[in-house]
Ligand code: SF4
């Protein structure tokens, strides 16, 4: 598996659980606002064996792991890596995914406790947002259904990008989640510039104004709450 980096301790990636963060390299999407754009190329990072990853990641004062990217599920051996981590620590395993490879996600489910699921856009605007040649939505819907049918804690979230995301996107995502049976909290966080973005890609984007989506609070689908995290 190709690994970009491993951060010994993070207090912010999983609520209330200090974790070691493992960044896999490579992504099958090309979001213009990507904040880890150097991780998109499939040959970025370095190739590591699963025992090497576990050896490198273990031994910190944490209660779990967060596996993120790039997109971890493009790696066919992700389930084996998660299994090795789980067997080594018997601790909380969190996965960050955009859900485009349901076959790998399904094989990973026995070894993960929680998932941050990045919903990039409303179903009809995925191709424009993630810039793929084929519409990934059917596979993303399949991943959502897998998670909703599992015991894994499922935390959907969207990055709201000024001049790209619209309140209608958020409304459509909320309705889609509701139709699929999700009940719980949906997180919307604001886009911010970071060292990992590509200047030429993000020139037109801006920090969004939370006032744009405040009106949605008055018509949330039943059973779903929305939390805005403006940083
Ligand atoms: S899915 Fe994530 S890692 Fe991949 S391009 Fe989009 S923001 Fe970047």
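The values are calculated or read from the model by the stated rules, or taken from the named source; none is laboratory data. Just so we're clear, the structure is a prediction, and the values are computed from it rather than from any experiment. Cβ placement follows ideal geometry from the backbone for every residue including glycine, while neighbour counts extend to all protein chains displayed.
Quick notes on this one:
- For segment 145-164, the set of residues classified as in contact with a strand residue (DSSP E or B) (Cβ under 7 Å, 6 or more places away or on another chain) and in a helix (DSSP H, G or I) consists of 147, 148, listed by residue number.
- Only one entry in 9, 17 is touching a strand residue (DSSP E or B) at 6+ places or on another chain (Cβ under 7 Å) and within 24 Å of residue 195 (Cα to Cα), namely 9.
- For segment 55-90, taking the residues that are within 16 Å of the ligand (Cβ to nearest atom) and part of a helix (DSSP H, G or I), the one that is nearest to residue 143 (Cα to Cα) is identified as 73.
- Residue count, segment 146-166 (criterion: surrounded by fewer than 17 Cβ atoms within 10 Å (Cβ to Cβ) and more than 16 Å from the chain's Cα centre (by Cα)): 5
- Any hit, segment 156-169, residues being touching a residue at least 60 places away in the same chain (Cβ under 8 Å), farther than 19 Å from residue 192 by Cα, in contact with a helix residue (DSSP H, G or I) (Cβ under 9 Å, 6 or more places away or on another chain) and within 16 Å of the ligand (Cβ to nearest atom): no
- When 69, 45 are checked against the criterion of being within 25 Å of residue 127 (Cα to Cα) and in contact with a strand residue (DSSP E or B) (Cβ under 7 Å, 6 or more places away or on another chain), 69 stands alone in meeting it.
- Members of segment 6-35 that are surrounded by fewer than 21 Cβ atoms within 10 Å (Cβ to Cβ), touching a residue at least 60 places away in the same chain (Cβ under 8 Å) and more than 14 Å from the ligand (Cβ to nearest atom): 13, 17
- Scanning segment 193-225 for residues that are touching a residue at least 40 places away in the same chain (Cβ under 8 Å), assigned to a loop (DSSP other than H, G, I, E, B) and surrounded by fewer than 16 Cβ atoms within 10 Å (Cβ to Cβ) turns up 194, 196, 198, 204, 207, 209, 220, 222, 223.
- Some residue of segment 38-52 being near the ligand (Cβ under 9 Å from one of its atoms), surrounded by fewer than 21 Cβ atoms within 10 Å (Cβ to Cβ) and within 19 Å of the chain's Cα centre (by Cα): yes
- Exactly one residue out of 151, 118 is at pLDDT 95 or above and within 14 Å of the ligand (Cβ to nearest atom), and it is 118.
- Flag if residue 105 is surrounded by fewer than 19 Cβ atoms within 10 Å (Cβ to Cβ), in contact (Cβ under 8 Å) with a residue 40 or more places away in the chain and part of a helix (DSSP H, G or I): no
- Test result for residue 133, within 17 Å of the chain's Cα centre (by Cα), in a loop (DSSP other than H, G, I, E, B) and at negative phi: no
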